[in-house]
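Enquirer: Here it is: the structure, laid out below.
The values are calculated or read from the model by the stated rules, or taken from the named source; none is laboratory data. From a predicted model like this one, the values you see are computed outputs, not experimental measurements. Virtual Cβ from ideal backbone geometry, glycine too; neighbours counted across all protein chains shown. When the accessible area is computed, the model is the full protein with side chains, heavy atoms only, and any ligands, DNA or RNA have been set aside. Shrake-Rupley method; radii C 1.70, N 1.55, O 1.52, S 1.80 Å.
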Amino acid sequence: MCDFNNLSDEEKRHYHEILLDAAQKFGGKNFFLHLLEAVREANPHPLTTANRTFTMELGEVKWNKVIFNDKLQLLLKARVHESRQQNLLPDEEAPNYKKVLNLVRTLRPIVFHVKPTSQEDGPGFFFQPFEVIDPKTTRLSPLFDALFFCSIDTVKKVLNYEPR
């Protein structure tokens with residue numbers, strides 16, 4: 001999803017609807033973008049926090065399982081290949097196939113809950129890190145990718161996309 005310019009119009013519309021819906025449930029585009037900026041500024045990466053929570057003044061993100069730094073680093077490497085091959089999983093003959101498959105099995109059950117601080121801003125939303133298309137095809141969830149990895153400029157393009 002982070003390679004937004006190379007997507008088809010249908011894919012752009014699909015990602016726009018997903019992110020816009022999430023932004024509305026968090027208080028609007030500006031609140032959602034503030035959340036993304038806070039995540040990008042956090043050091044170390046928020047996914048590796050032991051308390052499984054990322055808090056900022058406008059809301060919080062909670063998840064139900066600790067993610068260790070080695071898993072995060074492997075995810076970052078696998079993510080680069082996903083945009084090229086439309087699959088997070090490498091070829092079965094690839095030397096890192098087993099590691100990436102175990103990464104997917106480890107992180108797949110995690111559920112992320114995103115809630116604004118004030119209930120008046122919206123109900124919040126939840127998502128899982130992956131979309132499993134079939135046993136051999138897995139992709140990053142657009143919300144997971146947008147919240148933790150894509151550039152803020154790309155997310156702005158997705159949010160402001162107007163279908164032709």
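Okay, residues lined up against (1) assigned to a strand (DSSP E or B); (2) closer than 30 Å to Gly27 by Cα:
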{"residue": "Thr55", "(1), (2)": "yes, yes"}
{"residue": "Leu75", "(1), (2)": "no, yes"}
{"residue": "Asn87", "(1), (2)": "no, no"}
{"residue": "Pro95", "(1), (2)": "no, no"}
{"residue": "Thr106", "(1), (2)": "no, no"}
{"residue": "Ile110", "(1), (2)": "no, yes"}
{"residue": "Ile133", "(1), (2)": "yes, no"}
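Enquirer: Under 6 Å between Cβ atoms, which residue pairs at least 6 apart in sequence (or on different chains) link something in segment 136-164 that is closer than 22 Å to Lys98 by Cα with a partner that is among the acidic types (Asp, Glu) and modelled with pLDDT of 90 or more?
Expert: Arg139/Glu131; Ser141/Glu131
Enquirer: Scanning segment 79-113 for residues that are modelled with pLDDT of 90 or more, out of contact with any strand residue (DSSP E or B) (no Cβ under 8 Å at 6 or more places or on another chain) and among the aliphatic types (A, V, I, L, M), which turns out most open to solvent (accessible area, probe 1.4 Å)?
Expert: My answer is Leu101.
Enquirer: Considering segment 12-32 alone, what residues qualify as being within 19 Å of Phe149 (Cα to Cα) and buried (at least 16 other Cβ atoms within 10 Å of the Cβ)?
Expert: Result: Lys12, Tyr15, His16, Ile18, Leu19, Leu20, Ala22, Ala23, Phe26, Lys29, Phe31, Phe32.
Enquirer: To continue, here is another question. Give just the number: which of (1) over 26 Å from Gln85 (Cβ atoms); (2) open to solvent by 70 Å² or more (accessible area, probe 1.4 Å) does Asp3 not satisfy?
Expert: Every condition holds for Asp3 apart from (1).
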